[in-house]
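Take a look at the structure below.
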Amino acid sequence: MVDQFTIYRQHADQYEALVSYEDYQYNLYPALTAIRSFDQADVIEWGAGTGRVSELIAPHARSLIACDLNNHMLKAARPKLARCAGLAWQTVVAEHRHMPLPDRCADVALAGWTFGYFTSKYYAENWRQTVGQAVAQMQRVLRPGGTMIVIETLGTGATEPHPPLEALAAYYRLLEDDFGFQSTWIRTDYQFDSLDRAAALTSFFFGADWDEKVRRNNWIIVPECTGLWWLRL
């Protein structure tokens with residue numbers, strides 16, 4: 001199995017193919033706008049990847065800075081942003097804890113499915129401190145009244161929300177108990193065009209056992225629960 005860090009460095013096309021099937025019921029953008037409006041907002045996005053969330057926000061925002069550690073992923077995001085007439089945009093290769101951006105330059109700081117990787121084996125000894133550094137960067141770039149939004153998984157293949165790993169559960173508790181984030185959840189199910197496509201793309205990203213799991217459940221629609229955490233300054 002190719003690990004997810006390698007996917008982000010080398011396999012943007014396959015990753016983009018997977019997420020293009022995600023949230024077929026279009027629940028994510030209404031859930032985001034229920035937290036705050038993006039109309040004419042200046043937005044900074046952490047872990048923008050191939051522009052999965054950027055593409056939802058860009059038609060409404062005044063400006064969007066899409067940041068990611070991997071330029072390989074941002075190459076796929078740039079054409080999406082370029083299609084948005086009137087949007088001031090740029091992509092920035094940056095590490096979450098060291099954003100090369102000025103203080104108080106944004107209305108929204110958004111991180112989608114990215115801070116959770118701080119709980120992996122690569123950061124296991126000090127992940128709480130690492131998450132805190134990333135959240136501090138979000139707070140630093142926001143103007144008074146700005147909003148931090150964090151999107152994370154609550155279970156792929158799940159119909160009810162549940163953190164798939166205890167490390168992620170601890171991270172979510174940190175956001176709520178230590179930093180004061182509020183939270184909600186939505187379904188962002190994948191709808192694939194065939195069983196073979198569902199099996200191939202989910203096993204590519206989530207692991208080899210997903211081929212059998214998808215076929216056993218006849219999952220052309222793969223359920224997924226997604227959590228949203230937010231904090232207004």
Filter pass, Ala85 being farther than 22 Å from Arg140 by Cα and crowded, with 21+ Cβ neighbours inside 10 Å: no
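One line per residue, one yes/no per condition, for (1) in contact (Cβ under 8 Å) with a residue 40 or more places away in the chain; (2) out of contact with any helix residue (DSSP H, G or I) (no Cβ under 6 Å at 6 or more places or on another chain); (3) not charged (D, E, K, R):
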| position | (1), (2), (3) |
| --- | --- |
| Arg83 | no, yes, no |
| Trp89 | no, no, yes |
| His98 | no, yes, yes |
| Thr119 | yes, no, yes |
| Gln129 | no, yes, yes |
| Gln139 | yes, yes, yes |
Test: residue in segment 45-56 that is at negative phi, touching a strand residue (DSSP E or B) at 6+ places or on another chain (Cβ under 7 Å) and surrounded by fewer than 20 Cβ atoms within 10 Å (Cβ to Cβ): no
Matching residues, segment 1-30, being at positive phi and free of Cβ contacts under 8 Å to residues at least 40 places away in the same chain: Tyr26
Candidate set: segment 97-122, residues that are under 9 Å from the mean Cα position of the chain (by Cα) and assigned to a strand (DSSP E or B); chosen: the one surrounded by the most Cβ atoms within 10 Å (Cβ to Cβ): Leu110
Among (1) closer than 24 Å to Gln4 by Cα; (2) surrounded by 19 or more Cβ atoms within 10 Å (Cβ to Cβ), the one test that Ser194 misses: (2)
Within segment 20-40, considering residues that are out of contact with any helix residue (DSSP H, G or I) (no Cβ under 8 Å at 6 or more places or on another chain) and within 16 Å of Ala111 (Cβ to Cβ), the one surrounded by the most Cβ atoms within 10 Å (Cβ to Cβ): Ile35
Restricting segment 139-176 to residues that are in a helix (DSSP H, G or I) and of a type in the set (D, E, K, R), the residue that is farthest from Asn218 (Cα to Cα): Arg140
Residue within segment 147-156 that is surrounded by fewer than 14 Cβ atoms within 10 Å (Cβ to Cβ) and either over 20 Å from Ala94 (Cα atoms) or not basic (Lys, Arg) (or both) present: no
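Answer yes if at least one residue in segment 179-186 is of a type in the set (Gly, Ala, Ser) and either surrounded by 17 or more Cβ atoms within 10 Å (Cβ to Cβ) or in a helix (DSSP H, G or I) (or both), and no otherwise.
No, segment 179-186 contains no residue that is of a type in the set (Gly, Ala, Ser) and either surrounded by 17 or more Cβ atoms within 10 Å (Cβ to Cβ) or in a helix (DSSP H, G or I) (or both).
Just so you know, all these numbers are worked out from the coordinates, no wet-lab data involved. This is a predicted model, so every value here is computed, not measured. Neighbour counts run over all protein chains shown; Cβ positions are idealised from the backbone, glycine included.
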